[in-house]
Amino acid sequence: MKFLKVSYYIFLGFLTLIALLLIISIVPITGNYKIMTVLSGSMEPTIKTGAVVVVKPEADYKIGDIITFGLNTKTQTPITHRIHDIKVVGGNAVYITKGDANNAPDVKEIQKSDIIGKVLFSIPYLGYLVNFIKRPIGFMLIIIVPAGIVIYDEIRKIYAEVKKRKKSEPKQNDN
């Protein structure tokens, strides 16, 4: 039972951390951190497929920085690649990017306004869990499983307390 309780608290802490990170990334604050999931292997081995990357907008980007750019909609997914080269066109920086696993730089040049931010760090494989939780079945499971564990634990405590009280009550004789 102790293992179950420890596992529950670890699981609950993990879910709380994920929830906080997702909430922080959703709040539309300029300069805010974003949590993104990498869905392709174009940055392997640096960033694994299914990793979660934490991204923060920066004032300047340089060659070698790993950035996330593009639209984040239901039909379009942002891309995370490394800055391969920088050109200045009309006084503005234009970024040429390349995935570490790709043979050639990306065809499309990236404007600074297209950049979501610089990748600060990545957590391998966590993106699979985050994407699962975003689905209805995953969301249901993260609510039902912990709630079930809490309910079970409370019923067990109530049962133990009732049993303890029955033992401690003085026995009455029927005369």
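The values are calculated or read from the model by the stated rules, or taken from the named source; none is laboratory data. Since the model is a prediction, treat every value here as computed from it, not as a measurement. All Cβ positions, even for glycine, are placed from backbone atoms using ideal geometry, and neighbour counts span all protein chains on display.
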**OP:** Please tell me if Ala160 is part of a loop (DSSP other than H, G, I, E, B) and on the phi < 0 side of the Ramachandran plot.
**Re:** no
**OP:** Being out of contact with any strand residue (DSSP E or B) (no Cβ under 6 Å at 6 or more places or on another chain), closer than 16 Å to Thr68 by Cβ and among the β-branched types (Val, Ile, Thr) is the filter here, so list the residues in the range 83-120 that pass it.
**Re:** none
Original post:
Does the range 117-125 include one or more residues that are small (Gly, Ala, Ser) and either at pLDDT 90 or above or more than 28 Å from the chain's Cα centre (by Cα) (or both)?
Top reply: yes
Original post:
In the range 94-149, how many are among the hydrophobic types (A, V, I, L, M, F, W, C) and within 27 Å of Ile83 (Cβ to Cβ)?
Top reply: 14
